[in-house]
Amino acid sequence: MIWKLAWRNIQGAGLRSLINIIIIALVMIGIIWSQGMYEGWMRTAERESREWLNGDGRITHKLYDRFDPFSWDKSFEQIPENIQDLVDKGTAVPVLITSGTIYPEGRMISLIVKGIPAGQQFLKLPTAVLADGGDDIPALIGSNMAKSSHLKEGDIVTLRWRDMHGAFNAADIRIAAIMKTPYLEADNGQVWMDLERLQLMKDAPKTATFIVIKDAGDVPQTSDAWTFESIDFLLRDMHAMMKTEKTYGYLMFALLILLAMIAIFDTQVLAVFKRRKEIGIFAALGMTQKQIIRMFTAEGMLYAVFASVAAGILGMPLFIYFGTVGYRMPESYQDFGIEGLSEAVIFYYTPAMIISTVIIVVVITAFVSWIPTLRIARLKPTDALRGRMG
Amino acid sequence: MKEILISTRKMTKHYPAGEGKFTALKDITLDFGKGEFTGIVGPSGSGKTTLLNIIGSLDTQSEGEVIVLGRDISSLTTKESAALRSRDIGFIFQTYNLLPVYSVYENVEFPLLLLKMPEADRKKAVTEALEWVGLTAKIKSRPGQLSGGESQRVAIARAMVKKPHIILADEPTANLDTENSMNVLQTMQNLNRDMGTTFIFSTHDAKVIGFLQRKITLVDGMVASDEINGAAG
Amino acid sequence: MRKIYLTIIGVIILTALFAEYPDGNVILGRIDANMNARTTKSTTTMIVQTRRATRTMESINWSQGSEKSFSEYTAPARERGTKMLKDGDNLWIFDPSTDRTIQISGNMLKQSVMGSDLSYEDFMEETSLRDNYSAVVKGELVHEGRDTWIMELTAKKSTTSYQKIVLYVDKERYVPLYEERYAKGGKLLKTTRVQEVMQSGNRWYPQKILYKDELKDGKGTLFIINKIEFDVKIPAHIFSKASLKK
């Protein structure tokens, strides 16, 4: 009965109800949309990370710290035999890392030199171009690196590095290809070359800094020098960043919800004030105060319920568009070096995110509609009928 | 002797007014029997509306005793008084007090929803009530689309649809012209006659006086006279 | 058969010629003795000539062997008060604008010092040639008016940064007037050119040196010693971290 009456009141309020419903619906669409974006972004970044560099995790030298180039001089060792078996089978890819300096057109650029077998198959890096021998050393760089270093395909540039003993060495490398990779960790500030050649250059044959594993299920036991890093571990920075991003997102939507709720609250306060005579009539006709309060609260909740439906209908084309076509960040954003943003982010929605959004909005709306009705409890029916507040 | 539905004993009502208090009703002792068609007359501010509100349990007396349908009004909880109003008492107001966002049908249906009457019974009762007041054609209209006379007839239909024991009408004709006043009074009289519903009015409208069976005159919150009008009896 | 004879004779003649040259390692020892003092105190000017601009920096420097050194920049105004302390393998820099002392380590060692052609790493290099290289005199040459020996230095250990160095050494004064540092693979990486030499007591010392990173564009970095004193007494507190903040 309460719901029926509440529904009638909402219908009766016409345009005002519609505006409230649309505001809440827009907030809900916004929340689900942005959650879908974060979820999609995370999944995109994770997929890219797997496809381009991290596979299903990797076995990394214990001393390797990707932020400390000094550690790179110590963090490599001969690839253990049982892992070499995986490499031979094609289910693991060893990578050797060292620091170097290139001098394109007389400028000096410090970079990371990465060695990877030219013949590897399972990472998306187009390493086949590294196999081509000749006099100079074929190298592969990403498009971001090409942009920042002004290198073009076919350019020959001097690379200076230290071998594993510490002696300087220098040789010319040829940019064999510039690859477009969405995974910036395989692009920014680095150059790829064939693993065996880099091992030779370092005077460190058969070594690697880490070995990318295709299937975390068959990671063999290794010596203490190595440690297995799962994909989750490798993505921890990104997860952390995503968490911060999400928190900002939530903060923004908390603000939007607040605004929407102020609209509801205002409507309700106004309603209780403007409809005090009505409240008197309800009382005279035999409604208890509790029933009246419930009815007003139900009205607020119904806004949220209808808003959910409206959000579903209005938001569906948006959700479907971003869930299939996705969203491409403007070029300028791609230079920020944020993972998962350089290809279109396909939004991803989970039932949990939709249900929780609906529940949260409905509960908050109900609460906000309930608060102003507490005044009703203080209202005497005779005063109400005369249009006075108690 | 008719069955007594309402009785008041030395009932007094004060309102706080500034430092002291204003006495709206003083020492009212009255009995109202079943099927009465009674008017309470008197000038504005004589306490007519207050008396109706207390009888209708919208308000409580300050002193004395009020028994309505065997129940002591001042001892009822808000829930019990709401139940009493929803089941046994109908109200008609000077300003009609229809719910503006509801249609005519929904306004009349409202008391039945509170009584949780099943849909089919509700429909039958609402239709019947609207036939009684002659407004079946306006079933879908909103109160804003009705004339004053029509609005008051809807209010009557709403008051009677649940077939209450008592209908309390506060200046029901004050906002109506003569023709509509007559129409409304006729309708109420028919109801009183055909269904035995007890009517208590407040009024200062001379047109109404002729319809009354009993006329109680209030002056300054006290009963000045209480006469049976034989002509209408 | 004649060919073989000729070759053998050629080798004998060449060996005889080489025999006329002094032992390279002995020369290295004399260079070390001339260039390195127990302690030095100097005021220097460093002129960095990049493609875009020229910057001049002045500093006062103290050193003790090759282990310890302390520099304080006195000009330009922007760098005044910047201090640099080297103690063994550690290098600290005090920046007066932030009032902070930072230790230069890791990747920062590869950065250039004040935009010059020298990296912090170069500052950290060991200075004793005799200890690190074995040398062969390859010939002689008149270099900018001075008679010099052409020497080829080969690193004794594989861990030495520059595995090969070529030096032109003043035959009389034992000052290396020109130096080429090579990558292991043979690529020329850096050159050092002494433009002026000065006499201090009975030793000759480079006064104006042009450092150049040969892989990089630009005219190189000019290093001028305005004044230098050898074997002066330096209080120990100069080489402490506390003196950075003074």
Suppose we take every Cα in chain C and form the convex hull; what volume per residue is that in Å³? 151 Å³
Which of A:LEU285, A:LEU123, A:LEU251 moves most in a GNM of chain A, Cα contacts under 10 Å? A:LEU285
Could you give the nm distance between label points at B:ALA206 and A:LEU18, where each point is 7 Å from its Cα heading toward the beta carbon? 5.2 nm
In nm, give the distance between the simple-model label positions of B:THR60 and A:LEU270, each being 7 Å from the Cα along the Cα-to-Cβ direction. 3.7 nm
Report the relative contact order of chain B, percent, no decimals, based on alpha-carbon pairs under 8 angstrom and at least 6 residues apart. 28 percent
Can you give the angle from 0 to 90° between the axis of helix C:2-19 and the longest principal axis of chain C, with both taken from C-alpha atoms, to the nearest 10? 40 degrees
Work from the charge dipole of chain C (Cβ charges, +1 for Lys and Arg, -1 for Asp and Glu, about the Cα centre) and give the residue of C:ILE102, C:SER63, C:ASN132 farthest towards its positive end. C:ILE102
The stretch A:1-116, relative contact order in percent, only Cα pairs under 8 angstrom and at least six apart counted: 12 percent
Rounded to whole Hz, the Karplus (6.51, -1.76, 1.60) HN-Hα couplings of the stretch C:63-73, x for glycine and proline: 9, 9, x, 9, 7, 10, 8, 9, 10, 10, 7
Please name whichever of A:GLY40, A:ALA260, A:PHE67 sits farthest to the positive end of the charge dipole of chain A, dipole taken about the Cα centre and charges placed at Cβ: Lys and Arg +1, Asp and Glu -1. A:ALA260
Other-chain or far-sequence residues with amide H under 5 Å of C:GLU58's (modelled H): C:MET46, C:THR74, C:ALA75
Any idea what the dipole of the stretch A:58-229 comes to, in debye rounded to 20, about its Cα centre with Lys/Arg Cβ at +1 and Asp/Glu Cβ at -1? 400 debye
Taking the Cα centre as origin and putting +1 on Lys and Arg beta-carbons and -1 on Asp and Glu beta-carbons, what dipole magnitude results for the protein assembly as shown, to the nearest 20 debye? 2180 debye
Could you tell me the relative contact order of chain A? Use alpha-carbon pairs under 8 Å, at least six residues apart, and round to a whole percent. 26 percent
Please work out the C-alpha center-to-center distance from the stretch A:39-97 to the stretch C:118-144 and express it in whole Å. 40 Å
Hey, in the GNM for chain A with a 10 angstrom Cα cutoff, which one of A:LEU198, A:LEU96, A:LEU15 fluctuates hardest? A:LEU15
Helix A:289-324 versus the longest principal axis of chain A: what is the Cα-based angle in degrees, 0 to 90, to the nearest 10? 30 degrees
What list of ³J(HN,Hα) couplings, whole Hz, do you get for the stretch C:195-206 from phi and the Karplus terms 6.51, -1.76, 1.60, once you set θ to phi - 60° and write x for glycine and proline? 9, 9, 10, 10, 10, 9, x, 9, 10, 9, 9, x
Of C:ASN202, C:LEU189, C:ILE150, which is farthest along the charge dipole of the stretch C:22-244 in the positive direction, counting Lys and Arg as +1 and Asp and Glu as -1 at C-beta? C:LEU189
Measuring from the longest principal axis of the C-alpha atoms of chain C, the long axis of helix C:24-35 (C-alpha) lies at a number of degrees, nearest 10, equal to 20 degrees
Go ahead and run the numbers for FRET between A:LEU200 and B:LYS123, Cβ-Cβ distance against an R0 of 60 Å, rounding to 0.05. 0.05
Which residue fluctuates most in the GNM of chain A (Cα springs below 10 Å): A:GLU81, A:GLU46, A:GLU343? A:GLU81
Placing unit charges on C-beta atoms (Lys and Arg positive, Asp and Glu negative, everything else neutral), compute the dipole magnitude of chain C about its Cα centre in debye, rounded to 20. 420 debye
Each label point is 7 Å from the Cα along the Cα-to-Cβ direction; what then is the distance between the points at C:VAL232 and A:GLN84, in nm? 6.0 nm
Please give the FRET efficiency for C:SER158 paired with C:ARG51, using the beta carbon to beta carbon distance and R0 = 51 Å, rounded to the nearest 0.05. 0.90
Using protein chains only (no ligands, no nucleic acids) and a 1.4 Å probe, work out which residues of the stretch A:1-26 have their accessible area cut by at least 20 Å² relative to the chain alone. A:MET1, A:LYS4, A:LEU5, A:ARG8, A:ASN9, A:GLY12
In whole Å, what is the distance between the alpha-carbon centres of the stretch B:180-196 and the stretch A:22-37? 57 Å
Can you classify the stretch A:140-230 as rounded, prolate or oblate using the Cα gyration tensor, where a ≥ b ≥ c are the square roots of its eigenvalues, rounded means a/c under 1.5, and otherwise it's prolate if a/b beats b/c and oblate if not? oblate
FRET efficiency estimate (nearest 0.05) - Cβ-Cβ, A:ARG378 to C:ASP89, R0 45 angstrom: 0.05
Long-range amide H contacts for C:THR50: which residues qualify at under 5 Å (H placed 1.01 Å from N, peptide plane, sequence gap of 5 or more or a different chain)? C:ARG55
Skip the ligands, DNA and RNA, and give the accessible area per residue of chain C with a 1.4 Å probe, whole Å². 53 Å²
For the stretch A:29-169, accessible area per residue (1.4 Å probe, heavy atoms of protein chains only), Å²: 38 Å²
Calc'd 3J(HN,Hα), the stretch A:26-40, phi into Karplus 6.51 cos²θ - 1.76 cosθ + 1.60 (θ = phi - 60°), Hz, glycine/Pro = x, comes to 5, 4, 4, 4, x, 5, 5, 4, 6, 4, x, 5, 4, 4, x
For the pair A and C, total buried accessible area rounded to nearest 100 Å², probe 1.4 Å: 1900 Å²
Interchain or long-range residues, amide H under 5 Å from A:GLU229's placed H: A:ARG58, A:ILE59, A:THR60
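The values are calculated or read from the model by the stated rules, or taken from the named source; none is laboratory data. A quick note: this is a predicted structure, and the numbers were derived from the prediction, not measured. Please note: Cβ atoms are built from the backbone with ideal geometry, for glycine as well, and neighbour counts cover all protein chains shown. Just the protein is used for accessible areas: all its heavy atoms, side chains included, with ligands, DNA and RNA removed. Shrake-Rupley method; radii C 1.70, N 1.55, O 1.52, S 1.80 Å.
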